[in-house]
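Heads up: the structure comes next, in structure tokens.
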Amino acid sequence: WYDLAGTATRKDLETYLQLNKEAANLNNFTSGAEMWLNDYEDDTLEVQLENIFEEIRPFYLQLHAYVRHSLKQTYGEEISEDGPIPMHLLGNMWAQSWVNIYDQTTPYPNKQSKGLTKEMLAQNYTALKMFKLAEEFYVSLNMSALPQAFWELSYIEKPTDGREFICHGFANDFFKNSDVAIKMCTRISAESFFTVFHEMGHIYYYLLYKNQPIAYRDGANHGFHEAVGDVFALSASTSKHMHKIGLLKNYEPDEETRVNELYRTALRKVAFLPFSYSLDQYRWALFRGEVKSDEYNCKFWQMRESASGIKPPVQRYKEDFDAPAKYHVSADVEYLRYLVAHILQFQFHKSACILAGEYDPNNPNSYLSECDIYQSTKAGNAFKEMLSMGLSKPWPDALEILTGQRTMSASALMEYFKPLQDWLEKKNKETGAQVGWKSEFKCLSKSGAEKPIGAGIIIVLFVTICVGMV
Ligand SMILES: [Zn+2]
């Protein structure tokens, strides 16, 4: 895949970078990086993100250590105890989400639920039922039912008439009355159910800001748009909610179930953070001309290793070009929005949960991960007020309406995962799992000439990280 979808585009890269620079300059930006970052209207964004990453790092390292140690039980020598994890063992082609290794690495296997997907199939769920349930969730928050146009214009299943159809979920705003639609090949699975929530978040955002002037009919920033559906999915995916809608027979919250659930969410959302960060840090560096042309591929893997502690399954070379094997890179789509969304959704969630009376930060027996804002008009109204603004005000103004805060912060995310972080720290100590990784990165040419670019820098970085942890 990487050879065919990545390396094959190498010949066009210089043209792409040249056009990108030209477009940026024509718009009065020094490079494409500044042009992308301009969406966030904040010169300190890069520094803010660095601070956020510093805050999250100790937790990520514990998660990484636990996963590597658990996988070692299966793969033995294939994995080194203190090296980066070979990414093909993480259940995803880009190692961007590790949720597919959940069953293999569950903290408490005996407490594992039978699986929502199985239950959905047993209850004869259909794509329509999943969409109706998601709509009902939004309506329970005092939002309107979806307009008739939505049902007429949407494709919620793959057409069977043999036409070409791209299954990647997509929510469309036609900028005309209430014409909105979702196109996706819904499967009957829990994952697909949460994708419905995600796409529907875009739809409700479109509908809520539809009375704004055309230029303001957009998210407060790209990250906001991606966060809306996810934040409702955080509630909808709790066992508490699944119990309410009859997908889970027994629901007794206890510590082991809580750790399992948090672990599953962390595999999906926390493993994603350094991935998304390095994807755009890499492109900013390319756009700014900071990477020499014979180091394009090396730099990519060097950054991936340093951020996520993963490595490609086989040695990659200078002659390869792997970044465009990720859709958003070859399609020239900024990726920071997903990172921002992953931070913001926890900020949104915490504030909404407090409004809904589902979470009390001062009560040690109250857990953010067990909050379900379903049927809370109060939380729903705060969302409506924030989302109706669209892009008419700078995003800190929008953020302030729901959360009272004007900057992005990782503190809500850290609060959400605190019980898991405590558990991982204890567990890793017990098992002797090493924390952190030694760089194995090598910048090699297929002809055999080795050039250790920046290897020294990586080692220094690693040492700083390790000193803080061991
Ligand atoms: Zn989306």
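List of remarks:
- Highest to lowest packing among 130-143, 148-161, scored as the average C-beta count within 10 Å: 130-143, 148-161
- Neighbourhood charge, 13 Å Cβ-Cβ cut-off, centred on ASN20 and excluding it, Lys, Arg +1 and Asp, Glu -1: -3
- Ordering of 256-264, 402-410 by packing is 256-264, 402-410, highest average first (other Cβ atoms within 10 Å, averaged per residue).
- Computed from the Cα positions only, the extents of region 238-297 along the three principal axes stand at 58, 22, 14 Å, in decreasing order.
- Each 10 Å bin from zero up to the one holding the largest Cα-Cα distance in region 156-213 carries the following percent of pairs: 22, 44, 27, 6.
- For the chain, with all protein chains in place and a probe radius of 1.4 Å, 52% of the accessible heavy-atom surface sits on carbon or sulfur.
- Estimated translational D of region 207-258 in µm²/s (Stokes, Kirkwood radius over Cα pairs; 20 °C; 1.002 mPa s): 156 µm²/s
- Pairs from LYS21/LYS318; LYS318/LYS427; LYS72/LYS249; LYS240/LYS384; LYS111/LYS429 whose Cα-Cα separation, in the structure shown, is over 32 Å: LYS318/LYS427; LYS72/LYS249
- When shorter helices are ignored and each DSSP H run of at least 4 residues is given -39500 (n - 2.57), the per-residue value for the chain at 222 nm works out to -16500 deg cm²/dmol.
- For LYS378, a cut-off of 17 angstrom between C-alpha atoms picks up these lysines, skipping any fewer than 8 places away in its own chain: LYS350.
- Alpha carbon centroid spacing (whole Å) that separates region 6-77 from region 173-188: 29 Å
- Rounded to two decimals, the Cα radius of gyration of the chain over 2.2 N^0.38 Å is 0.99.
- Average accessible surface area per residue within region 197-254, 1.4 Å rolling probe, Å²: 35 Å²
- Each of GLU385 and LEU19 was given a label point 7 Å from its Cα along the Cα-to-Cβ line. The distance between the two points is 4.5 nm.
- For the chain, the Cβ-based charge dipole about the Cα centre amounts to some 720 debye (Lys, Arg positive; Asp, Glu negative; other atoms uncharged).
- Kyte-Doolittle at least 0.0, axis length at least 15 Å by Cα - qualifying DSSP helices, the chain: 127-140, 190-208, 222-236, 272-287, 336-355, 455-469
- Modelled FRET efficiency - R0 45 Å, SER411 with GLU295, Cβ distances, 0.05 increments: 0.75
- A 1.4 Å probe run over region 5-141, with the rest of the protein chains in place, finds 50 Å² accessible per residue.
- When the alpha carbon gyration tensor of region 185-236 is reduced to an equivalent ellipsoid, the three semi-axes, largest first, read 24, 11, 8 Å.
- Rotationally averaged projected area of region 1-112 (alpha carbon convex hull; nm²): 10.8 nm²
- Extended-chain gain in nm, criterion 0.36 nm per residue less alpha-carbon gap, GLU54 and GLN212: 53.1 nm
- For region 103-256, dividing the convex hull volume of the Cα atoms by the residue count gives 154 Å³ per residue.
- Rg/Rh (Cα only; Kirkwood hydrodynamic radius) as it applies to region 300-396: 1.16
- When region 185-277 is reduced to its Cα atoms, the Kirkwood hydrodynamic radius in Å: 15.3 Å
- Computed with a 1.4 Å probe on the full set of protein chains, the accessible area for TYR216 sits at about 90 Å².
- Computed extension length for ASN27-GLN375: 120.7 nm, one decimal, from 0.36 nm per residue of separation with the Cα-Cα distance subtracted.
- FRET efficiency, ASN362 to LYS11 (Cβ-Cβ, R0 60 Å, nearest 0.05): 0.50
- Within region 175-189: backbone nitrogen closer than 12 Å to the SER144 label point (7 Å, Cα to C-beta): 177-180
- Residue-normalised accessible area of region 274-418, expressed per residue, 1.4 Å probe, Å²: 34 Å²
- Computed over region 15-74, Cα set: Rg, Dmax in Å: 18.7, 55
- Pairwise Cα inverse-distance average, inverted: Kirkwood Rh of region 47-166 (Å): 19.1 Å
The values are calculated or read from the model by the stated rules, or taken from the named source; none is laboratory data. Source: prediction; values computed, not measured. Every residue, glycine among them, receives a Cβ derived from its backbone with ideal geometry; neighbour counts consider all protein chains shown. Keep in mind that these areas ignore ligands, DNA and RNA; they rest on the heavy atoms of the full protein, side chains included. Shrake-Rupley method; radii C 1.70, N 1.55, O 1.52, S 1.80 Å.
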